1. Please give the number of the condition residue 457 fails out of (1) within 28 Å of residue 588 (Cβ to Cβ); (2) open to solvent by less than 60 Å² (accessible area, probe 1.4 Å); (3) touching a strand residue (DSSP E or B) at 6+ places or on another chain (Cβ under 9 Å).
2. Could you please find all residues in segment 210-235 being assigned to a strand (DSSP E or B) and either of a type in the set (Gly, Ala, Ser) or at pLDDT 85 or above (or both)?
3. Please go through segment 374-424 and give me each residue that is open to solvent by 40 Å² or more (accessible area, probe 1.4 Å) and on the phi > 0 side of the Ramachandran plot, ordered by number.
4. Considering (1) open to solvent by 10 Å² or more (accessible area, probe 1.4 Å); (2) within 25 Å of residue 303 (Cα to Cα), say which one residue 571 fails and leave the rest.
5. Looking at (1) within 27 Å of residue 423 (Cβ to Cβ); (2) open to solvent by 20 Å² or more (accessible area, probe 1.4 Å); (3) out of contact with any helix residue (DSSP H, G or I) (no Cβ under 7 Å at 6 or more places or on another chain), which is the one condition that is false for residue 322?
6. Residue 251 fails exactly one of the following numbered conditions: (1) of a type outside the set (A, V, I, L, M); (2) in contact with a strand residue (DSSP E or B) (Cβ under 6 Å, 6 or more places away or on another chain); (3) at pLDDT below 90. What is the number of that condition?
7. If residue 595 passes every condition in (1) closer than 15 Å to residue 452 by Cα; (2) open to solvent by 20 Å² or more (accessible area, probe 1.4 Å) but one, which one does it miss?
8. What pairs come up if the first residue lies in segment 547-563 and is at positive phi, the second is part of a loop (DSSP other than H, G, I, E, B) and charged (D, E, K, R), and their beta carbons are under 6 Å apart, counting only those six or more places apart or on different chains?
Amino acid sequence: MRPTPRQLPALALAAAALGFFGCDEAPPGDATVVDVGRTGGRGGADSSGGVDGDDGVSGDDTDATSGDVGGDGTGFTDTGAVPIEGPPCTLSVDCGEGEYCVDGGCYRACDGGTCPDGGLCVEGLCREFACAAAADCPDDGNPCSAATCEGGRCGVTPVEGALEDPTPGDCVTVACDASGFPAVVADDSDVPADDGVECTLSRCVDGRPSNVPDHRSCDDGDALNGEERCIPPVGCTNVRPSWACESELDTSYGSTEVCGNGQDDDGDGAVDEGCPCSFGTTQACFAGPPAGRGVGACLDGVQRCMDRAAPRWSECSGSGAPTSEVCDGKDNDCDGCVDDLPECDSALACPTEEFAEPLRYYDLDGPALLGEPGDGWEWRLRAPANSATVAVEDPTSPTTRVYFDVSGDYEITFVVTDEKGARIACSWIVHVRGAGLRVEMRWDTFGSVDVDLHLHRAGTTANFCTNDDCYYANCRNSAALNWGYAASPGTACGSTGTCNNPRLDIDNISGFDPENINVDNPRDGDSFRVMAHMYSGSATTNPVLTIYCGGLVRAVLGEAPDGLALNRSNSGCRGQTWRAADVRMSVDSVTGATDCTVNVLSSGSNWDIRTNDTGF
């Protein structure tokens, strides 16, 4: 809707003559008339069209799929210019006395630089425009653009620089890029909060928050009483000299990095550095001595292929490198021996790793782990980055439980005082994995923006928001969607009966649990398309998708430094939608083991983001 024209002060603007009038059509007097034309709005955030659709003329047309790309980002959108009077015209002879035909409308010539009806004299013609100052122009909803008013016409101009950080401490921030749209960028100064452990340091590593151990802060200067180590999240511990183990760990490295094996071959602390990778995908990795991989607590971590412009492997996250041996019933230093210390007479016996399913409770039994009376029970938790679970239910109870809301690796630490008065601790990993294909989505504006996860059926290219698309309207466990897969047992969704397959477990509207969609038993060769849709809200939001196949992470999309921003919402599949990836399943015909390959989708060199487009 156009703003009501205001009564504007008279203003004469000089201009150069252009040839859109015939010789017999020049306006009277010394007024010079030029074709001010109409410029399309600033180009949109994706390659399918600008903010202005249809013909690149109207400044309030939000359909970016049916028209031209729009303006070049420097023009102004003529939202208020209307003829003073008269019908549409082709030539000035179609207009009344003293009027001239410009852009299909009849306009009066200025009389000495003034307009009798309160219009504005622009380049020799009287026009009624939308603004006298930028404050008269509407906000376009984009935090990276500012309204402008030039020559009475409302327009926008890009604004560069940082915006308010929506989630401090996540090592990324939102800034306006050169084209005037929000973008997620790495920010190493946006370090995470102190985790309360005196010997850890807050750092940003590969654009992700980390609290790294600082062993030097634990050193008491006494070389004879053993090695002081920082063990997050317990703190400093003193480990006495160990006795000999029959199978000591070979800590040697080679001289050359070997690509594709996911380990640190040359001992420089990096895994597969300089090796090629496919953007958005992940691989298992180990950052310690190669001979220790898979021994004791030396478990694999995960690294992702980041930086779309120049793909490279990130830091190896979650790798269980060898640490000093402690009395906890585990082989901490990965030498093949458990608790090989003279003082290890404690009954404490913690697991090295366990496995569980998502959307389940996991029981914690302190007395069973200790094996003797204890006191001062304490439980600590490190959950995956996309989890809303921050702690166990009762951190100081001998027995408690923890809820696994998403897939990933959860580190559980148990601290207790034994009957000898010694404060002892141990940690272990619980690998939380679902079956088949599982896609999880989180975003950074929970509570103010609703983003919906969509999974398109294999074997068809029909539109999204139909029954070929699993999403909130048809795929929750109360609304069965028949894609030809057998129903899953109730344990797959925490039910006593059966579970729909496919299935949207959580439709997150205002909470903090990530949305997830599952196909528990896909067929070999099935290919699914993953999409995220900004359904409601106006804040700029940054979704992140994690794709699991057979319980293993196969892709993480949308994390910094390759983040993306959505800032236009609408119901259905309108507003902005992000076609993220195609996932092709592989199922072993003998064992039934499930895996997949992920093809990251793009539009040119950017993410495939569309507006008001329900197509495949």
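1. Of everything listed in (1) within 28 Å of residue 588 (Cβ to Cβ); (2) open to solvent by less than 60 Å² (accessible area, probe 1.4 Å); (3) touching a strand residue (DSSP E or B) at 6+ places or on another chain (Cβ under 9 Å), residue 457 misses just condition (2).
2. From segment 210-235, those assigned to a strand (DSSP E or B) are 210-213, 227-231, 235; that's our starting set.
210, 235 - these are the residues of segment 210-235 that are assigned to a strand (DSSP E or B) and either of a type in the set (Gly, Ala, Ser) or at pLDDT 85 or above (or both).
3. Answer for segment 374-424, where residues must be open to solvent by 40 Å² or more (accessible area, probe 1.4 Å) and on the phi > 0 side of the Ramachandran plot: just 421.
4. Condition (2) is where residue 571 drops out.
5. Failed condition: (3).
6. Evaluating residue 251 over (1) of a type outside the set (A, V, I, L, M); (2) in contact with a strand residue (DSSP E or B) (Cβ under 6 Å, 6 or more places away or on another chain); (3) at pLDDT below 90 leaves (2) as the failure.
7. (1)
8. Correct list of pairs: 551/433.
The values are calculated or read from the model by the stated rules, or taken from the named source; none is laboratory data. Keep in mind it's a predicted model, so treat the numbers as computed, not measured. Glycine gets a Cβ as well: all are built from the backbone with ideal geometry, and neighbour counts include every protein chain shown. Only protein heavy atoms, including side chains, enter the accessible area calculation; ligands, DNA and RNA are left aside. Shrake-Rupley method; radii C 1.70, N 1.55, O 1.52, S 1.80 Å.
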